[in-house]
Structures are given as C-alpha cells and as structure tokens.
Amino acid sequence: VLDEHLATALYPAALAGLSWSVSRHTSGAVLRVSGFSHKLPRLLLTLADQLLRWDGAAYAPRFEPRREKHVRELQGHFKQTSDRLALYYLHLLLEPTRLPKEAQLEAA
C-alpha cells in the first residue's frame, strides 16, 4: 500500500531513471535511493517527506485483507515440518533482535 502511494507521488523521479525503496531492518527502516543524478539528495528528502506526511488511515480498507493474509501465513508457519521449524528457531537464537512469529501473531 505504501509502495503504491510512493509510486504515485514520486512518478517524475521514476521517469527520470531514479529509483527508491523502503524496507524494514531489525534496527529500523531503511530508505534507499539510486540512479545517476545530482538530484538524489532531493529525491531522498522528498521520499522522507512523503513518509512523514503519509496518512495510513486513508488506506485502512486496503490494509484489512492484507492483515488477514499475514495472520493466515503466521498461523501456517507453525504447521511446517519439524526440520524447518528447527532452522527457524536456530535463526531466531542467532538474531536476538528478530521479532518471533508468536509475537507477530499476537500483534496482528
């Protein structure tokens, strides 16, 4: 949903061959801009401004189906084979900042 909003707001930058991405990281959000232009700093500022001004409430009806799908995926996670679950818990132990699926399910 956020990507769709940003694609509309930053369409001129896309036409100019610039690109951007917003992703999550264990320590926060990551904003990336790329392309060959002296206007990359301006694109980054515009991206940050759009994120700060974004009104997620306006997109609430579109969030619910995605939330339901996410909940189903989280519930299905625990029905995986035991070796896959063992690998998941190994990665969880090695990355203590990662939010466990149980906590994600409770938050959803």
Selection over the stretch 31-40 where residues are open to solvent by 60 Å² or more (accessible area, probe 1.4 Å) and not aromatic (Phe, Trp, Tyr) yields a count of 4
Restricting to the stretch 3-30, and then to whatever is touching a strand residue (DSSP E or B) at 6+ places or on another chain (Cβ under 9 Å) and more than 16 Å from Leu45 (Cα to Cα), can you tell me which residue is surrounded by the most Cβ atoms within 10 Å (Cβ to Cβ)? Asp3
Find the residue count for the stretch 49-89, including only residues that are open to solvent by 90 Å² or more (accessible area, probe 1.4 Å), in contact (Cβ under 8 Å) with a residue 12 or more places away in the chain and within 17 Å of the chain's Cα centre (by Cα). 3
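The values are calculated or read from the model by the stated rules, or taken from the named source; none is laboratory data. Small disclaimer: the values here were computed from a predicted structure and weren't measured. Note that we place each Cβ from the backbone using ideal geometry, even for glycine, and neighbour counts take in every protein chain shown. Heads up: the accessible areas ignore ligands, DNA and RNA and are worked out on the full protein's heavy atoms, side chains in. Shrake-Rupley method; radii C 1.70, N 1.55, O 1.52, S 1.80 Å.
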